[in-house]
Amino acid sequence: MWIAVTPEGGGATLRPLGGRAGAVTHVDDLAEAVRDLERVEQPRWIWADTRAVYPPLLARDVRPARCHDLTLTEALLLGHEGRYGEPRSAGAAYARLRGLPVPADETGAHARQATLFEPEPLPVDVAEVYGDQVRRIERTADPARFRLLVAAESAGALIAAEMGHDGMPWREDVHDALLTGMLGPRPVHGMRPAKLQALADQVDAAFGTTVNPDSPQQIVRAFKAAGLSVASTRSHVLKEVDHPAVAPLLAYKELARLYSFHGWVWADQWVRGHRFRPEYVAGGVVSGRWATNGGGALQIPKVMRQVVMADEGWRLVVADGAQLEPRVLAAMAGDGGLARAAGEIDLYAALAQAFGGSRQNAKIAMLSAMYGGTSGDALKLLAVMRQRYPQAYAFVEEAAKAGEEGRLVRSWLGRTCPPPSKHWSRLVAGPEGARAARDRGRFTRNFVVQATAAEWSLTQMALLRGLLPAPARLVFFQHDEVMVHCPEELVGEVSGAVGRAAVQATRLLFGETPVRIPMEAVAVTCYADAKPVSEPEPGPAATAIA
DNA sequence: GGCTCAGGCGCC
DNA sequence: AAAGGGCGCCTGAGCC
């Protein structure tokens, strides 16, 4: 059952589609109508834009199982059709169908504000746009996969809205104590925290003059006056410099970042009622990864994890896709040898065995193949990789070659990379052409792996959402890592659901394959205690395996 | 005062 | 330990 939804004020027009297509109905209360129908069955709700339609439903705790997001789907289709950059909104899609003037996409915070307060409905026939999209999906390279991509992307939009609404547990008191311990007490407006000021004073004393430590230009000039030439003020560059200002400067930079990015002002804006509520943007990155719009949820420093604590009597169940990208490559490339290695819990150790080398070298070879690295021993190790896993090697080489030639590449499910810019096309014909070509080759080489890893993660999370027992909630998602907040007594059930969702996601994407993508959950009270299991340190145990 | 850009660095 | 690609977002600085 599919139902096309056109919101009108607080109500909506509902139009059932498909085999049991029925009469168009009007409801005065969309949230109530969705709640009622979800009790009977789980229709796929078709609507223009989850980001606009879903929040009012969430506000009344109405959470549909499935939807089809016209805007996200339009973006995927335009990309696949080589029409990247054309306006992707449902309104634009409808205008194109009807030969009307196509409205530009509304982007940026200002445009969103405007749409929030002016619920003027765009003239969109949801059912008509949906029908068009279904036809275009059938014309893609692999419609079955593309349908899965659309379902996962739309589920992602639901989850992104829910996570923003529910928020990640965040202890304001622990956060304040952490900041106070590292920086000193919260300063009055316009002042530096005491410990930052002390470090700034030390920098001044070391240079014998006043320098703004936040200004790279001033720092370079100060070193120059001291007879030292520094290429930049990046920390790894400064570490090599022998000067008394270096130590306090490095300490300052680290603390200043904490203060300005995740300090008290940040908390005032993004944390309320023991919850951190960022705005996630599903499909915000060309590779299909999520982005955030404010709050910096995907860049929280690890030191801040101690602030993320489960409610009393609840736990955080944390899991990430272990060695996800090489496993995804093994499955995509259909390389039997690599797929067998990817059937092991520690893929790199298995690789090392096949290589007859160290685990570390095996990892370098693998990463260099996926990312186009050439530094250090990479080239030598790549030659081994090419010999042992010719199909996997050829797969990423072909992606790189396509990029260098200006062609498009696609993920496993059909997400398509952006075409080269006009600037690139000019550049590639000029004297720096070889370099521009290589750069794009690295991008497309990485795209096929990163984008497929992103769609595996999205699929896994969508399946997990469907398996979670109430009142467990997904509260955090970071590229290949998920966090569920649940009552202590549900930890076992939730952990099991995480693993089952991973197995199902692998089957859905890749069918029968020896590749395993393990996702082991750990239950903790505090996020800082969730040691990632994906990267075993090359300690005695790992060495013994290798 | 608002805009854009670069430098820098956090996460995967 | 790092490399590679992908991002967001702070500050300073230059410009209008």
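Brief remarks on what is shown
- Helical segments meeting 27 Å axial Cα length and Kyte-Doolittle 1.6 threshold in chain A (DSSP H): none
- Taking 24 Å as the straight-line reach from the Cα of residue A:380, the lysines in range (excluding those fewer than 8 positions away in the same chain) are A:363, A:401.
- Applying 0.36 nm per residue to the separation of residue A:41 and residue A:180 and subtracting their alpha-carbon distance, the gain on full extension is 44.9 nm.
- Residue-level accessible surface for residue A:165, protein heavy atoms, 1.4 Å, Å²: 80
- Accessible area in the full protein assembly, largest first, 1.4 Å probe, for A:142, A:204, A:268: A:268, A:142, A:204
- Considering only A:317, A:298, A:329, and ranking their Cα positions along the charge dipole of the stretch A:295-337 that arises from unit charges at the beta-carbon of Lys, Arg, Asp and Glu, the one farthest toward the positive end is A:298.
- Quarter of the Cα convex hull surface for the stretch A:295-365, i.e. its orientation-mean projected area (nm²): 7.5
- Bridgeable aspartates and glutamates around residue A:195 (alpha carbons under 13 Å apart, same-chain partners fewer than 8 residues away excluded): A:254.
- Residues of chain A: accessible area per residue with a 1.4 Å probe, Å²: 47
- Taking a Cβ cut-off of under 11 Å around residue A:310, the surrounding Lys, Arg, Asp and Glu residues balance to a net charge of -2, with basic ones at +1 and acidic ones at -1.
- In this rough spin-label picture, where each label sits 7 Å from Cα along the Cβ direction, the residue A:231-residue A:102 distance is 4.4 nm.
- Carbon + sulfur, % of accessible area of chain A - ligands and nucleic acids excluded, 1.4 Å: 54
- The stretch A:116-264: Rg to Rh, with Rh as the Kirkwood radius over Cα pairs: 1.27
- Equivalent ellipsoid of chain A: semi-axes from √(5λ) of the C-alpha gyration tensor, largest first, are 40, 32, 27 Å.
- DSSP-loop trypsin sites (Lys or Arg not before Pro) across the stretch A:1-60, with at most 14 other Cβ within 10 angstrom: A:20, A:60
- Calculated from the alpha-carbon coordinates, the stretch A:324-451 shows an Rg and a Dmax of 15.2, 47 Å respectively.
- The stretch A:1-83: GluC sites (Glu not before Pro) in DSSP loop, at most 15 other beta carbons within 10 Å: A:41, A:81
The values are calculated or read from the model by the stated rules, or taken from the named source; none is laboratory data. These figures come from a predicted structure and were not determined experimentally. For neighbour counting, all protein chains shown are included, and Cβ atoms are generated from backbone atoms with ideal geometry for every residue, glycine included. SASA here: full protein model, heavy atoms, side chains in, ligands and nucleic acids out. Shrake-Rupley method; radii C 1.70, N 1.55, O 1.52, S 1.80 Å.
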